[in-house]
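First up is the structure itself, then whatever we jot down about it.
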Amino acid sequence: MRDRDGDRDRTGHVADADVNEEDLKQRIADRMPQCGVTVPKPGRLIATVPRDGLLSLLHLLKTDGFEHLSLISCVDWIDEGELELVYHLWSQEKKVHAMAKTRVDRASPRMLSVILLFRHAQTYERELHEMFGIDFDGNPRQVPLLLDHWQGIPPMRKEFDLRRHARETFGVEERTDD
Amino acid sequence: MWVVGIIALPLLAIGVSVFFLGVSRKVTARIQRRYGPPLYQPVIDVVKLLAQEEHVSHGMVFDAGMVLALGGSLATVLFIPVGGLHPLSAGGDLLVILYLMLLPPLGLALAAGAAENPNASIGVSRKLILALGYEVPFLLALLAVMTQEGTTSLVAIAEAQQPSVLEWGLVRAPLSALAVALVLPAMLGLRPFDMATAPQEIASGTLVEFGGKYLVLAALQGALHTYIVIALFVDLFLGGGANVLTFLAKMGVVFFGGLLINAVYPRVRIGQALRFCWKWPTLLALLGLVVVMVMGR
Amino acid sequence: MDRAQIPKILKSPANWGRKYSLWAVYFCTGCGIIEIPPVVTSRWDAERFGVIPMATPRQGNLFLITGYVSLKTLGAIIRTYDQMLNPKYVVGFGSCPVNGGMYWDSYNTIKHLDQYVPVDGWISGCMPRPEAIFIAVTHLWTLIDKGLADGYKRYKDNYDFYCANQRRVLPHLPKFACGTGTETATAPATLRMPT
């Protein structure tokens, strides 16, 4: 039995626990061989694709029952020189949380917008544009949400020196442990 | 001696209306199971507002509109008999009162228009639409009372109800009284009809740009308007008053009833308010008028 | 009202009015605003103290900055504060206006509210309890009595200082748009305190 998050409940009753995810994993692997799929635990599905296959993967997942795009998040792999975009999808009937991951180049990050599939992705992509500097082709509204008139590199990137910026702009006093 | 009446009556009206302001906050607080401010809190508020070091005006029309509104209310007060006090009574003074009661909304609309704030415009439009709503049943009910007594003098109407409770307008023209009672919260600006100065929605509507001494004028005008409406209701339907004290007691009872409704009800939209005012109260007032005209023969 | 107060009221009725009729501008700054509804409603009744929330800044004279102040919020706070009528009192509520609070190293929140808007008192805590708000109100009464709640006078006397600080973090605020765009804002070294 599955609770809302897709994790097993406390009774440990297995029922048809892994059939869903393995099923999906097989289907994705069949249709998109360049995609690496793993099932880390029941209720989770992680599918990794190169950049150009992301839209097809999302379309595949959407038709498979993942009708809700919960979030688009970004991870800054500064040592590898890449930004990893993670699209979190949720299937209400299967109770599975799928993550579609892809990587873009860190120096000039560009990505195709997914607003044709999920219209509300416009806001998530707007936030990522503001915080990481990723340019989404096809998103008509990539204006800042919070940082009007921001000069400087996008603040969520790892090379952004947070303490120095806070000290210089606002005069924060760092606490010295004595 | 009518000079004394002209000076005493507005002072009495101001005193009673400020007292009613304090009572309203205290009673509402008690209904909400808390203690509330002291009864003289409006005095503290007025002192604070007058002691402000700067007052923002938006031009001459702004000042003039506010003064017009307050002047209109003070003039109306002079024509409403309070117990035995009626310094300026004459035939036809009910019609004079009805005309003078149009001045305050006009003055507030002028001032709010000069303030150039969209919230003020919304507040003014809501206020005027609401006035359109409650004037219809109110005037029909007034027509019924005037037809029944055969006079347009408010003093004569009040005195005709003196002999006994059975002579009250409430008993002799019950449908008209019920119609006016239903729109009384709308005339007083109490919930469920307080959308004209809705703090949460339109930042106090007409009063949004009023600070300092202008707010004192506006608050005083609002309080006087409450006094006028309740005094009219008491004179028309609750038998006026043999003397000032019984009159004020009756006013207190009506105000308390309005406060109880105000504390319980939420706010309705202006469209719903208009629809309400033009449905049952208008029908009742119309029916009351027909009954009075038929029984008069 | 006890009789000991009557001489104080007669000496300065203006102070009496300002103390017991503090109208707080209904401006919900940050997460701290969640503490205001319990204070204003029936359980911790603030109306006994004369404090009621007022919808428009033209009528309010107490400004509670509750919680963190991001740059966008600071623009709105400055506009609201400029619209309020003197005398006006600002109270920093929570630890974020004091020194940045838990957002002390954030890229988008200001750390010392006192640099941009004059503050008359601080309430520390994250969040302060409603009782702390009432203690702050009574302290503000004492300050008003002694004439020490003069943030608005500091603002007028040191307007250049405050505007320079505001301009440094918010150069595109509409109130700075009227001047020539090429002048550089240099902050004067010290804040002149009222004598």
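Screening residue A:162 against (1) at the interface with chain C (Cβ under 9 Å from one of its Cβ atoms); (2) in contact with a helix residue (DSSP H, G or I) (Cβ under 7 Å, 6 or more places away or on another chain); (3) loosely packed, with under 15 Cβ neighbours inside 10 Å leaves a single unmet condition, (2). Within the stretch B:237-246, not a single residue is out of contact with any strand residue (DSSP E or B) (no Cβ under 7 Å at 6 or more places or on another chain), aromatic (Phe, Trp, Tyr) and assigned to a loop (DSSP other than H, G, I, E, B).
The set of residues in the stretch B:179-205 that are buried (at least 20 other Cβ atoms within 10 Å of the Cβ), within 11 Å of another protein chain (Cβ to nearest Cβ), in a helix (DSSP H, G or I) and not hydrophobic (A, V, I, L, M, F, W, C) comprises B:197, B:205.
Test residue B:96 against the criterion of being assigned to a helix (DSSP H, G or I), over 30 Å from residue B:250 (Cβ atoms) and not basic (Lys, Arg), and give yes or no.
On the way: assigned to a helix (DSSP H, G or I): yes; over 30 Å from residue B:250 (Cβ atoms): no; not basic (Lys, Arg): yes.
No: the conditions fail for residue B:96.
Within the set C:33, C:6, the sole residue that is surrounded by fewer than 21 Cβ atoms within 10 Å (Cβ to Cβ), over 30 Å from residue B:112 (Cα atoms), touching a residue at least 24 places away in the same chain (Cβ under 8 Å) and more than 12 Å from chain B (Cβ to nearest Cβ) turns out to be C:33. Reported count of residues in the stretch A:110-159, each being in a loop (DSSP other than H, G, I, E, B), of a type in the set (D, E, K, R) and away from every other protein chain (no Cβ under 13 Å), is 4.
Output the residues belonging to the stretch B:206-231 that are within 8 Å of chain C (Cβ to nearest Cβ) and part of a helix (DSSP H, G or I).
Step one: filter the stretch B:206-231 for residues within 8 Å of chain C (Cβ to nearest Cβ), giving B:207-212, B:215.
Passing the criteria: B:207, B:208, B:209, B:215.
Picking from residues in the stretch C:9-30 that are touching a residue at least 40 places away in the same chain (Cβ under 8 Å) and over 22 Å from residue B:52 (Cα atoms), the one that is farthest from the other protein chains (Cβ to nearest Cβ) is C:29.
Within the stretch B:147-176, the set of residues being at pLDDT below 90, of a type in the set (A, V, I, L, M, F, W, C) and either surrounded by fewer than 20 Cβ atoms within 10 Å (Cβ to Cβ) or part of a helix (DSSP H, G or I) (or both) comprises B:154, B:155, B:156, B:157, B:158, B:160, B:165, B:166, B:170, B:171. Within the stretch B:246-297, if we keep just the residues that are of a type in the set (Ser, Thr, Tyr) and over 23 Å from residue B:164 (Cα atoms), the residue that is modelled with the lowest pLDDT turns out to be B:265.
Return the total of residues in the stretch C:61-85 being more than 11 Å from the chain's Cα centre (by Cα) and surrounded by 21 or more Cβ atoms within 10 Å (Cβ to Cβ).
The qualifying residues number 4.
Condition test on residue C:130, is it surrounded by fewer than 20 Cβ atoms within 10 Å (Cβ to Cβ), in contact (Cβ under 8 Å) with a residue 60 or more places away in the chain, closer than 30 Å to residue B:30 by Cα and more than 8 Å from every other protein chain (Cβ to nearest Cβ)? Please lay out each step first, then the result.
Numbers: surrounded by fewer than 20 Cβ atoms within 10 Å (Cβ to Cβ): yes; in contact (Cβ under 8 Å) with a residue 60 or more places away in the chain: yes; closer than 30 Å to residue B:30 by Cα: yes; more than 8 Å from every other protein chain (Cβ to nearest Cβ): yes.
It is true that residue C:130 is surrounded by fewer than 20 Cβ atoms within 10 Å (Cβ to Cβ), in contact (Cβ under 8 Å) with a residue 60 or more places away in the chain, closer than 30 Å to residue B:30 by Cα and more than 8 Å from every other protein chain (Cβ to nearest Cβ).
Yes or no: residue B:24 in a helix (DSSP H, G or I), buried (at least 20 other Cβ atoms within 10 Å of the Cβ) and under 14 Å from the mean Cα position of the chain (by Cα)? When the stated conditions are applied, residue B:24 does not pass them.
So if I check each of C:75, C:92, which one is outside any helix (DSSP H, G or I) and out of contact with any Ser or Thr (no Cβ under 6 Å at 6 or more places or on another chain)?
Details: C:75 fails: outside any helix (DSSP H, G or I).
Criteria check complete, one pass: C:92.
Residues in the stretch B:228-251 that are in contact (Cβ under 8 Å) with a residue 12 or more places away in the chain and more than 18 Å from residue B:183 (Cβ to Cβ): B:239, B:240, B:241, B:242, B:243, B:244, B:245, B:246, B:247, B:248, B:250.
State whether one or more residues within the stretch A:33-45 are among the polar types (S, T, N, Q) and within 16 Å of residue A:132 (Cα to Cα). Checked the stretch A:33-45: no residue is among the polar types (S, T, N, Q) and within 16 Å of residue A:132 (Cα to Cα). Within the stretch C:108-127, the set of residues being free of Cβ contacts under 8 Å to residues at least 24 places away in the same chain and either within 30 Å of residue C:7 (Cα to Cα) or surrounded by 22 or more Cβ atoms within 10 Å (Cβ to Cβ) (or both) comprises just one member, C:111. Selection over the stretch C:95-115 of residues that are polar (S, T, N, Q), assigned to a loop (DSSP other than H, G, I, E, B) and touching a Gly at 6+ places or on another chain (Cβ under 8 Å) gives a count of 1. Candidates B:52, B:41, B:32: the one that is surrounded by fewer than 16 Cβ atoms within 10 Å (Cβ to Cβ), within 14 Å of chain C (Cβ to nearest Cβ) and among the polar types (S, T, N, Q) is B:32. A count restricted to the stretch C:45-59 and to residues that are assigned to a loop (DSSP other than H, G, I, E, B), within 9 Å of another protein chain (Cβ to nearest Cβ) and not polar (S, T, N, Q) stands at 5.
The values are calculated or read from the model by the stated rules, or taken from the named source; none is laboratory data. For clarity, every value in this text was computed on a predicted model and none was experimentally measured. With ideal geometry, Cβ positions are generated from the backbone for all residues, glycine too; neighbour counts draw on all protein chains shown.
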